[in-house]
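See structure below.
The values are calculated or read from the model by the stated rules, or taken from the named source; none is laboratory data. Source: prediction; values computed, not measured. Note that each Cβ is placed from the backbone with ideal geometry, even for glycine, and that neighbours are counted across all protein chains shown.
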Amino acid sequence: MSLDFLDDVAALELQAAGEDVDAIVATLPIQNAQSILEVGCGSGAFTRALARVASSPVGDQSRRARVVGMDRSPASVAQAVPLARAEGLDNVEFVAADILDPASLVSLAGQFDIVICRYFLMYMTPGGLGEACLANMRTCARRDGLVACVEVDANFGEDRYPPPSERLDAVLRRIVPLYRERGLVDWRCGITLHHHLTTAGLREVRVRVVDGRCIAGGSPRALVQHGSMHVEELLAPCLAELGLADQTAEVAAEWRAYLAAPEGFVYTPVFLGVGRSV
């Protein structure tokens, strides 16, 4: 099963626009960082937010940290570069490299005060790759540097009000276990961040809620639009398993209407986990 629909640049940018990425960045311990690496940067929306903060004045002093966005997809890197240029950010760069391939990390090893990933570990842990991912993130960090992960706890079917229809509820509740069982995505990675970071041997691990991604009464529009994209692809395996494949269009339409409903409320907590490398 392909997850290409989750890498759609327009969708990634909409998601970032609907969240308060600057507020999330503000919670990161990057005040004294001179170099920052984002792993799995995609379209670079979070990388740009890091770069904006990293080049902002602090008191009467100016700060100018090097920010690097890394993604294994050359296509994503090619799309991220002009978006950063459009914002006039000249302290950010993008490289094509795979965090799971040590050979492609040689030039990045030991170079960064903080190495961070956002909504990335969730793709590593179901396939048993989380430990390797975090170990290589540690490799990119300087000695005693920080490794940080931003992840959600997307608990489909139990994070919304009013309750959806019985049919839609059955489909939503199957998303988390099915994608996890197939080794694709752990939508609830945020709730297990402390475990993953401590298992990876990081010290002084701390996890906190840094944002609440809320859709209330069909707003913010960007999150509604983001949540309405690629619905058919997202729900297709669940519908097939439930014997509802012939109802894909109907269920997708119901999902979109639910997100946009004036009486609806959907909440997804966003967690930040930080640990210190040895």
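Evaluate the following for ASP22: is it within 24 Å of HIS194 (Cα to Cα) and in a helix (DSSP H, G or I)?
yes
Is there a residue in region 61-82 that is under 27 Å from TYR179 (Cα atoms), in contact (Cβ under 8 Å) with a residue 12 or more places away in the chain, among the hydrophobic types (A, V, I, L, M, F, W, C) and part of a helix (DSSP H, G or I)?
yes
Considering only region 101-113, I want to know if a residue exists there that is of a type in the set (D, E, K, R), buried (at least 16 other Cβ atoms within 10 Å of the Cβ) and not in a strand (DSSP E or B).
No, there is no match, as no residue in region 101-113 is of a type in the set (D, E, K, R), buried (at least 16 other Cβ atoms within 10 Å of the Cβ) and not in a strand (DSSP E or B).
Give GLY243, GLY212 a once-over and let me know the one that is among the small types (Gly, Ala, Ser), part of a loop (DSSP other than H, G, I, E, B) and either more than 20 Å from SER165 (Cα to Cα) or modelled with pLDDT of 95 or more (or both).
Every option except GLY243 fails the conditions.
State which residue is surrounded by the most Cβ atoms within 10 Å (Cβ to Cβ) when the search covers only region 168-211 and only residues that are under 12 Å from ASP153 (Cβ atoms) and charged (D, E, K, R).
ASP186
So, in region 146-160, exactly how many residues are more than 20 Å from ARG118 (Cβ to Cβ) and either touching a Gly at 6+ places or on another chain (Cβ under 8 Å) or at pLDDT 90 or above (or both)?
The number of residues fulfilling the criteria is 1.
Taking region 179-207 on its own, how many of its residues are assigned to a helix (DSSP H, G or I) and not small (Gly, Ala, Ser)?
13
Specify the residue that is farthest from SER219 (Cα to Cα); the eligible residues are those in region 242-267 that are without any contact (Cβ under 8 Å) to a residue 60 or more places away in the chain and not small (Gly, Ala, Ser).
Result: ASP246.
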